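Everything on this sheet refers to the single structure shown next.
The values are calculated or read from the model by the stated rules, or taken from the named source; none is laboratory data. If you're wondering where the values come from, they're calculated on a predicted model, not measured in any experiment. For neighbour counting, all protein chains shown are included, and Cβ atoms are generated from backbone atoms with ideal geometry for every residue, glycine included.
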Amino acid sequence: MNLKLHHFAYNIRPDKLELVLELLEKIGCKLSYREENARWCMIQQNSIPVSIQIIETNDKPISIDQKTNTHIAFLSNMPKEDIEQIKNWSKNKNVNFRQGEWSDKELWFDLPDVFINFVIEIMHTSIAE
């Protein structure tokens, strides 16, 4: 077989697509595909040939214990500072925010009223070295 990875798909609450796009653009992603009024889209980063599909669904959010096992991970030289900026952004948008960590270099955040089945992890670049 010669399979090539194309994308991952994650679910968000209805009417939150534009909010999630704004957040993901803030952390370095860009919209790569969306039909006119579709309530799903594809995003990616310039140097990475894999997309993330964001889909609005009416599914009930899963528990935080399950959510943290499914995450979108980003690398950063300053993960704590980045989490703080996202926390401030969510406060300005009146969006509930919660955060946690697996270590001092592996942090995660959740927007519990937006993300259904995932969290976003921000790891220090040294983790990947």
Subset tally (residues that are buried (at least 17 other Cβ atoms within 10 Å of the Cβ) and over 12 Å from I27 (Cβ atoms)) for region 118-129:
4
Keeping to region 29-44, report how many residues are loosely packed, with under 15 Cβ neighbours inside 10 Å and part of a loop (DSSP other than H, G, I, E, B).
4
Residues that are in contact (Cβ under 8 Å) with a residue 24 or more places away in the chain, farther than 13 Å from L111 by Cβ and not charged (D, E, K, R): does region 38-47 have at least one?
yes
Within the set of pairs 6 or more residues apart or between chains, which connect a residue that is hydrophobic (A, V, I, L, M, F, W, C) inside region 51-72 to a residue that is in a helix (DSSP H, G or I) with Cβ atoms less than 6 Å apart?
I54/V20
In region 60-77, residue surrounded by the most Cβ atoms within 10 Å (Cβ to Cβ) [restricted to those that are farther than 21 Å from I43 by Cα and among the aliphatic types (A, V, I, L, M)]:
I62
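Hey, can you tell me all the residues within region 73-106 that are assigned to a loop (DSSP other than H, G, I, E, B), of a type in the set (S, T, N, Q) and in contact (Cβ under 8 Å) with a residue 24 or more places away in the chain? Give the steps one after another, and end with the answer.
First, pick out the residues of region 73-106 that are assigned to a loop (DSSP other than H, G, I, E, B): 77-78, 93-97, 104-105.
From what is left, the residues that are of a type in the set (S, T, N, Q) are 77, 94, 96.
Of everything in region 73-106, just one residue is assigned to a loop (DSSP other than H, G, I, E, B), of a type in the set (S, T, N, Q) and in contact (Cβ under 8 Å) with a residue 24 or more places away in the chain, namely N77.
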Need the failing condition index for V50 against (1) at pLDDT 95 or above; (2) within 17 Å of H71 (Cα to Cα); (3) among the aliphatic types (A, V, I, L, M), just the number.
(1)
Identify, please: which residue in region 78-116 is among the polar types (S, T, N, Q) and closer than 18 Å to C29 by Cβ and is, among those, surrounded by the most Cβ atoms within 10 Å (Cβ to Cβ)?
S90
Top-ranked residue of region 89-109 - restricted to ones that are out of contact with any strand residue (DSSP E or B) (no Cβ under 9 Å at 6 or more places or on another chain) and charged (D, E, K, R), ranked as nearest to E121 (Cα to Cα):
K91
For N11, indicate whether it is part of a loop (DSSP other than H, G, I, E, B), at negative phi, among the polar types (S, T, N, Q) and modelled with pLDDT of 95 or more.
no
